[in-house]
1. Please work out which residue is farthest from the other protein chains (Cβ to nearest Cβ), limiting yourself to the range B:103-131 and to residues that are hydroxyl-bearing (Ser, Thr, Tyr) and not in a helix (DSSP H, G or I).
2. Can you pull out the residues in the range B:20-46 that are aliphatic (A, V, I, L, M) and in contact with a strand residue (DSSP E or B) (Cβ under 6 Å, 6 or more places away or on another chain)?
3. Spot the failing condition for B:GLY92; the list is (1) under 30 Å from B:HIS10 (Cβ atoms); (2) free of Cβ contacts under 8 Å to residues at least 40 places away in the same chain, and only one is missed.
4. Return the residues of the range A:1-52 that are aliphatic (A, V, I, L, M) and closer than 26 Å to B:MET183 by Cα; say none if nothing qualifies.
5. Collect the residues in the range B:46-73 that are part of a helix (DSSP H, G or I), among the hydroxyl-bearing types (Ser, Thr, Tyr) and within 10 Å of another protein chain (Cβ to nearest Cβ), keeping them in residue-number order.
6. Tally up the residues in the range A:5-29 that are more than 16 Å from B:ASN89 (Cβ to Cβ) and facing chain B (nearest Cβ under 7 Å), please.
7. In the range B:182-239, how many are hydrophobic (A, V, I, L, M, F, W, C) and under 30 Å from B:ILE133 (Cα atoms)?
8. Go through the range B:191-221 and give me each residue that's crowded, with 17+ Cβ neighbours inside 10 Å and β-branched (Val, Ile, Thr).
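No value in this document is a laboratory result; all are computed from the given coordinates. If you're wondering where the values come from, they're calculated on a predicted model, not measured in any experiment. Here the Cβ positions follow ideal geometry from the backbone for every residue, glycine too, while neighbour counts run over all protein chains shown.
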Amino acid sequence: MPQFEQVSVFSSLIFWSVISFVALLFLLKKFAFPPILEILEVREKKIRDDIEGAANIKQEAEKLKVEFDLQLKTAHEKANDIVQLAHDASKKETEKALQDTQGKVRQMIKEAEHEIQVSRNKLLSEIRGYTAALTIASTERILKKTLDEKEHTRIVDETIEEVIRELEKKA
Amino acid sequence: MADKESPLHHFELHPIIDIHLGGLDLSINKAIIAMWIGMAVVYGLFMVVGKNGASMIPGKLQSMLEMSLEFIKGMVKEFIGDEGMKYFNFVGTLFFFILCCNLIGLIPGSYTITSQLVVTGTFAVIIFVMTLIIGISKHGGHFFSILVPPGVPKIMIPVMVPIEIISMLARPISLSVRLFANMTAGHTVLAVLFGLGLSAPMWIGWLPLGFTVIINGLEIAIAVIQAYIFTTLTCVYIGDVIKLH
């Protein structure tokens, strides 16, 4: 095998391989490895920091979420209270308005009934007057005789009462 | 002519630039130039990434280099421990050196310097001596307790110590022979198949030529695996002398 037979090249192979290795060791150690190792460390640190930062942010976010939930719950309760109060106030207002209206309506009905009663009495009185005059005139003319004052009044009253009863029956 | 047709012929080295220093022949040959080209490629790749500063969001090349460095870092930490980062540059350089030497040899006409036992042997011996120095400097005389595995009865110590010494001495041999043999075998198989493909008639010659393509793919994997094994074992040996047992 040439590797064992060519003894003359051994010295140059050993010499140059060792020298080249030392030179490569120097070059790689000095210029090649440091930038890569440095960036690896920086990246590792950045990733570790980012993960820690993310964990902190997550923790804060969870804390905030709990706070927000609490605030939201309080706000809901407040809103419900406000709605309830508004509802109660509105109900009271409605009831009051209804009561007022009912009172007014009752008052108006009462007044109307009073007016009707007054008008009715007035009407009845007028009718009574007209009826009496009419009856007297008619009776005088029919009977052609004069009745005394007492009899005259009684007959008139009876006639009026009769007329009123008839009117009430019709009403 | 017979030598030229030998599948081992391409392992022969001839000086390209003659250099003689004292009695030493330091001539530059094909293997050394191929090694330098491989090293230049490795260094160039790192410089392309490092020229404008490595980016926070890596590109493909930077990702590949980052992955390889992370891989070596993991290996160092696993086999040597936290103290191992002191040896990161050495282990990293060793990995890239062997990898580039292994891969550059797969280019036709190039040469794999790791197919020279004298080179792999030199590195294995350097690593072996380095582990001894690390062990002795760290543990002093206690370092030699590495020769006595834990739990061994005292009566067995005279037997175990020579076995452990042989085991320790076998480490550089196995380390160097493994890499040399794998590289040599791969290239020899490729040379044999290529020779067959060229010498056989066309109707059958395509078959061995086709196999060279498959074997070449396999050789790429072997080149990476052998670099990994050599580096891993280096870490294991350093870890052993640091942790003792």
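1. If we filter the range B:103-131 for residues that are hydroxyl-bearing (Ser, Thr, Tyr), which is where we start, we get B:110-112, B:114-115, B:120, B:122, B:131.
Adding the requirement that they be not in a helix (DSSP H, G or I) leaves B:110-112.
Values: B:SER110: 15, B:TYR111: 11, B:THR112: 11 Å.
Among residues in the range B:103-131 that are hydroxyl-bearing (Ser, Thr, Tyr) and not in a helix (DSSP H, G or I), the one farthest from the other protein chains (Cβ to nearest Cβ) is B:SER110.
2. Of everything in the range B:20-46, just one residue is aliphatic (A, V, I, L, M) and in contact with a strand residue (DSSP E or B) (Cβ under 6 Å, 6 or more places away or on another chain), namely B:ILE28.
3. The single condition B:GLY92 does not satisfy is (1).
4. Let us first name the residues in the range A:1-52 that are aliphatic (A, V, I, L, M), namely A:1, A:7, A:9, A:13-14, A:18-19, A:22-25, A:27-28, A:32, A:36-37, A:39-40, A:42, A:47, A:51.
Of everything in the range A:1-52, those that are aliphatic (A, V, I, L, M) and closer than 26 Å to B:MET183 by Cα turn out to be A:MET1, A:VAL7, A:VAL9, A:LEU13, A:ILE14, A:VAL18, A:ILE19, A:VAL22, A:ALA23, A:LEU24, A:LEU25, A:LEU28.
5. Here is the first cut: in the range B:46-73, the ones part of a helix (DSSP H, G or I) are B:46-50, B:60-73.
Now restrict to residues that are among the hydroxyl-bearing types (Ser, Thr, Tyr): B:63, B:68.
Scanning the range B:46-73 gives a single hit, B:SER68.
6. Going residue by residue through the range A:5-29, those that are more than 16 Å from B:ASN89 (Cβ to Cβ) are A:5-19.
Retained after the next criterion (residues that are facing chain B (nearest Cβ under 7 Å)): A:6, A:8-18.
Looking only at that region, the number is 12.
7. Taking the range B:182-239 and keeping what is hydrophobic (A, V, I, L, M, F, W, C), we get B:183, B:185, B:189-194, B:196, B:198, B:200, B:202-204, B:206-207, B:209, B:211, B:213-215, B:218, B:220-225, B:227, B:229-230, B:233, B:235-236, B:238.
Remaining after also requiring under 30 Å from B:ILE133 (Cα atoms): B:183, B:223-225, B:227, B:229-230, B:233, B:235-236, B:238.
Total meeting the criteria: 11.
8. Selection gives B:VAL192, B:THR212, B:ILE215.
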